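> Quick one: structure below, then a few questions.
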Amino acid sequence: MIDVDILIEADAWDETALETLAPKAFEAALVELALAPDGFAVSLLACDDDRIATLNAEFRGKPTPTNVLSWPSDERGAETPGDMPDLPTLTGDGPPEELGDIALAYQTCAREAAEAGKPLEDHLAHLLVHGLLHLLGFDHETDKDAELMEHLEVRILARLGVPDPY
């Protein structure tokens, strides 16, 4: 199983199943991409809107809350839009390879789920998968990249029994 280090900074997260949902979502994504989950590690920050707004300002120059942020440990993006990124390969029996860090903001996630009429857990599964794909080099900067990423998200979420979010 993937090694997930979760830091919960906001009490509201205690009402969710984040600690079981995150490893399941990450594992489903890795399996879909034919990557061995037990070879990888992710750090997850479960915070509030104030904290994520600070992080968003610091790292993206956008001083507003957002649902998810990600910081990959390595640059893995594809050079050509729509191509698969350079996925990590495991080299041996050493410690799990760090893929990077993800942060989720409770209030924004809960508000988005409510506005869309979705269960919070389904929306969180989507955002966790989305964040992990960013760590693996996927993005949605071009239409071709967005199409590839969204197609993968739909397939991964289906593994988790989550309906197509698009």
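The values are calculated or read from the model by the stated rules, or taken from the named source; none is laboratory data. In this text the structure is predicted, and so the values were computed from the model without any measurement. Positions of Cβ are backbone-derived with ideal geometry, glycine not excepted, and every protein chain shown enters the neighbour counts. SASA here: full protein model, heavy atoms, side chains in, ligands and nucleic acids out. Shrake-Rupley method; radii C 1.70, N 1.55, O 1.52, S 1.80 Å.
> Restricting to segment 116-139, what's the tally of residues that are touching a residue at least 60 places away in the same chain (Cβ under 8 Å), out of contact with any Cys (no Cβ under 9 Å at 6 or more places or on another chain) and part of a helix (DSSP H, G or I)?
The total comes to 10.
> For T80, indicate whether it is hydroxyl-bearing (S, T, Y), without any contact (Cβ under 8 Å) to a residue 12 or more places away in the chain and not in a strand (DSSP E or B).
yes
> On to the next question. In segment 46-79, which residue that is hydroxyl-bearing (S, T, Y) and either at pLDDT below 95 or open to solvent by less than 60 Å² (accessible area, probe 1.4 Å) (or both) is nearest to the chain's Cα centre (by Cα)?
Of everything passing the filter in segment 46-79, S70 is nearest to the chain's Cα centre (by Cα).
> Pairs only if they're at least six apart or on different chains, beta carbon under 6 angstrom, first in segment 2-19 and open to solvent by 20 Å² or more (accessible area, probe 1.4 Å), second at pLDDT below 95 and not acidic (D, E); list them, first residue then second.
If the second residue must be at pLDDT below 95 and not acidic (D, E), the pairs left are D3/P96.
> Pairs, please: C-beta under 7 Å, at least 6 apart or cross-chain, first residue within 18 Å of V68 (Cα to Cα) and in segment 140-154, second surrounded by 15 or more Cβ atoms within 10 Å (Cβ to Cβ) and of a type in the set (G, A, S)?
H140/A146
For every residue, the table says whether it meets (1) within 22 Å of E98 (Cβ to Cβ); (2) at pLDDT 95 or above; (3) open to solvent by 40 Å² or more (accessible area, probe 1.4 Å).
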| residue | (1), (2), (3) |
| --- | --- |
| H130 | yes, yes, no |
| L133 | yes, yes, no |
| D139 | yes, yes, yes |
| E147 | no, yes, yes |
| H151 | no, yes, yes |
| G161 | no, yes, yes |
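> Oh, and also: If I go through segment 107-125 residue by residue, how many of them are under 14 Å from the mean Cα position of the chain (by Cα) and either within 23 Å of D50 (Cβ to Cβ) or open to solvent by less than 20 Å² (accessible area, probe 1.4 Å) (or both)?
4
> Here are some residues: G39, G92, G61. Which one is in contact (Cβ under 8 Å) with a residue 24 or more places away in the chain and either within 22 Å of L21 (Cα to Cα) or of a type outside the set (S, T, Y) (or both)?
Exactly one residue qualifies, and that residue is G39.
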